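Each reported figure results from applying straightforward, stated rules to the coordinates on display, with no laboratory input. Here the structure is a predicted model, which is why all the values come from computation and not from measurement. Reconstructed Cβ throughout: ideal geometry from the backbone, glycine too, with neighbour counts over all protein chains shown.
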Amino acid sequence: MAVDTLYTGGRIRTFDPAQPWAEALGVTGDLITYVGSVEEAPSARRTVHLEGRLLTPGVADTHNHLLLGFDDLAVSLDQVQSLDVVRARIAEFAETHPELDWVCAENALYSVVEGRRPRADDLVGVTDKPVFITTYDQHSVWLNRPAMAKLGILNGGSIAWGNPEIDPATGDPTGWVTDFYTRAMTISGLEELQRDIPMYSPDRRYRKITNSLEMAASVGITTVVEPQVPLAELDLFARAEREGKLTSRTIAAIYHAVGADGDFRARITEAIRETPQHERFRLGPVKLYADDVIEPHTAAMLEDYANRPGNRGHTSLEPTEFTKLFIELDRLGYQVHTHAIGDWGIKLTLDSIEAALRANGARDARHGIVHVECLAPEDLPRFRELGVVAAMQPRHASPDLVAGAWMDNVGEARWDRAWRFRSMIESGARVTFSSDWQVGEMDPLVGIYSAMTRARLDGQDAWTVDERLDLDRTLQAYTKGGAEAFHQEGSLGMLRVGYLADLVVWSGDLYDMEPAQILEQRADLTVVGGTPIHDARGELGGTAAATNVQAQDPAGAAGTATHSCAEPAADPHSH
């Protein structure tokens, strides 16, 4: 019997232990129907000649913030190192967009003002309009004085979406707001943002989702996990499904605020029950936070920060309360993915998973710990022992991202705890890799390079090199590992007869390249369920995904003042 499409003439890495490599692969409808030799391959209605290129399972980007894709009416501060450039870009945008009441900007660096956090005073004289700036990691916001006045902060007022920083010397707000991302996703926080900040209108948030999905298709991603969706924004994904915009399979994790009660959990259960599960969309785990991030000294550490004696950060909840919450979520049958970055935050999450096993009994929950940036040695084997998935981001370990605040805050004595990819995989733990878009570049080739080198994108200054991986284990974490993380190993993550035909054809044979050459490659063809969602060469009669390809240049050019779609982020961490 003939297949619809036969792929042949290149290298096919299946990740199927029974048949790791193949010469030909056949697809009929949405399923893989042949994997084997060229000689035994069936006839085909259409043949894709690989011409020596590599074909692999499609990439599962298991931590990709579709909702945070760049805004097309916001100033890009991506990779901007100078306060003068920040001021110039904001001033230019305000002048050229007189119709906008607010100037919104994205991806500011904590280090843009040397030696301290930015303040409202740093924006004096730039514009009379209120200015709202998010940091690259979405955990902090920078406001000017008109913005603070409009929001009531200058008069001592509070906001539901963050904690205004107060100058201890004057008692006045500085213009810096912490704890933004976790509080912005609460019901009251999101309501206030949608009321006051134009960047959070439903239409602009929807455009971020669709732009991000276009980019995902263009870089070989066939499954994307939006790791924390507020209940109030689930309808944006329903709209995308109705309008045919969910090109990649999409799993949405529901954000659970640390202070939410049983009524909120009942709403989660109702949402899961009432949300139709489509071929391209389903609700996934519940997302928790154990701690915050290392750069502003708010991740929970077992010992003091190297440059802040007496400060170990903090957990998101008092530890016993966090464990009680985790036990309850496990009892209700949820899969839980927990943001945990500091070694104390990770230990607390592992302790809570272990407590849930004791309280509720063992099940194949595959709870995940997201980021795992600084791991105490004694906790490494617990991932395998407890069946925990480590959801990690290779790009975050690049020294051109972590040199400075991350390295200085943690201290060299603990650098050997950083992003232990190789140790985790060799311990037998389940590991899945992802981008953390738009905190890091979405292109998995950038992550692959980073996992293999632990170096800057220019190849310099490799660090903690004992944790480097080879290409094969890295690709497996991006494909098979992603399927296993969400109980999909029976239909995705491998190229096997009967599995869904989710695959990617790369522009060359990655196995025959040095890491630096991998950065020069691209996804030529991305296929979901046998249907091309990105076809750069028109091999299946399709067209390239409508994505700004220049924006994915891993060299990381500073870019223009606004984004038509998206650009790579400058720094890591972490939602």
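Couple of notes before you dig in:
- Compactness relative to 2.2 N^0.38 Å, alpha carbon Rg of the range 128-228: 1.25
- The label point for Val85 and the one for Arg116, both projected 7 Å from the Cα toward the Cβ, are 2.3 nm apart.
- In terms of its alpha-carbon gyration tensor, the chain comes out prolate; a/c meets the 1.5 threshold, and the first ratio a/b outweighs b/c.
- Centre separation in Å (Cα based) which lies between the range 1-39 and the range 91-131: 53
- Approximate spin-label separation Glu241-Glu378, in nm, with each point projected 7 Å along Cα-to-Cβ: 4.6
- For the range 1-132, average projected area of the Cα convex hull in nm²: 14.1
- For a label point 7 Å along the Cα-to-beta-carbon line of Asp172, residues of the range 142-158 with backbone N under 15 Å: 143-150, 153-157
- Residue list for the range 45-64, given a label point 7 angstrom along the Cα-to-Cβ vector of Met1 and an amide N cut-off under 17 Å: 45-46
- Each Cα pair under 8 Å and six or more residues apart adds its separation to the average, and for the chain the resulting relative contact order is 19 percent.
- Available extension along the chain between Asn311 and Arg537 is 75.9 nm, counting 0.36 nm per residue and deducting the alpha carbon span.
- Where N is the number of residues in the range 213-485, Cα Rg divided by 2.2 N^0.38 Å: 0.99
- The GluC sites (Glu not before Pro) of the range 203-267 that DSSP puts in a loop, and whose beta carbon has at most 11 other beta carbons within 10 Å, are Glu243.
- Taken as Cα centroids, the range 426-502 and the range 347-390 sit 20 Å apart, rounded to the nearest whole angstrom.
- Antiparallel %, DSSP beta bridges [both residues in the chain], to 5: 45
- Multiplying the residue separation of Gln277 and Asp458 by 0.36 nm and subtracting their alpha-carbon distance yields 60.8 nm.
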